[in-house]
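Everything below concerns the one structure shown next.
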Amino acid sequence: RLARAFKEGIAALGLREVPVAPEVSAPALSAVYYPEGVDASLVKKIAEEGILVAGGLHPAIKDRYFRVGHMGAVNPGDILATLGAIERALARSGYRFEPGAGVTAAQKVLISG
């Protein structure tokens, strides 16, 4: 449920995940491509918002995506806080989106179960 909420939030922001299909996407981790015009400095901007995410690992595309874990002692508030920090960092990076879209999409999943 937490992974689905996060992934719905990312999609609502117009971001794509590295896995090519949901059935091969990990439930404990999301690997998200940076949107057009945004680079790896986004990871630092997210950290400045109080949330730690990690850069990419796959050598061929490591500079094109970031990773977010949603396993272990993660709760719904963590998912919403992370999406909020990503939204603020994206806005600071000049990416255009509907503010609150990611958080709202995640909240819908969390409420509906």
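Annotations for the structure displayed:
- Residue within region 1-13 that is surrounded by 12 or more Cβ atoms within 10 Å (Cβ to Cβ) and part of a loop (DSSP other than H, G, I, E, B) present: yes
- Residue count for region 64-89, restricted to those that are over 13 Å from Gly102 (Cα atoms) and surrounded by 12 or more Cβ atoms within 10 Å (Cβ to Cβ): 10
- Cβ-Cβ under 7 Å pairs, at least 6 apart or on other chains, region 92-110 side within 13 Å of Pro35 (Cβ to Cβ), far side open to solvent by less than 20 Å² (accessible area, probe 1.4 Å) and in a helix (DSSP H, G or I): Ser93/Leu42; Phe97/Leu90; Gly102/Gly9; Gly102/Ile10; Gly102/Leu83; Gly102/Ile86; Gly102/Glu87
- Any hit, region 66-87, residues being in a loop (DSSP other than H, G, I, E, B), of a type outside the set (Lys, Arg) and farther than 15 Å from Arg1 by Cα: no
- Hey, Ala106 under 13 Å from Glu8 (Cα atoms), small (Gly, Ala, Ser) and part of a helix (DSSP H, G or I) or not: yes
The values are calculated or read from the model by the stated rules, or taken from the named source; none is laboratory data. Just so it is clear, the model here is predicted, and its values are computed rather than measured. All Cβ positions, glycine included, derive from the backbone under ideal geometry; neighbour counts span all protein chains shown. Just the protein is used for accessible areas: all its heavy atoms, side chains included, with ligands, DNA and RNA removed. Shrake-Rupley method; radii C 1.70, N 1.55, O 1.52, S 1.80 Å.
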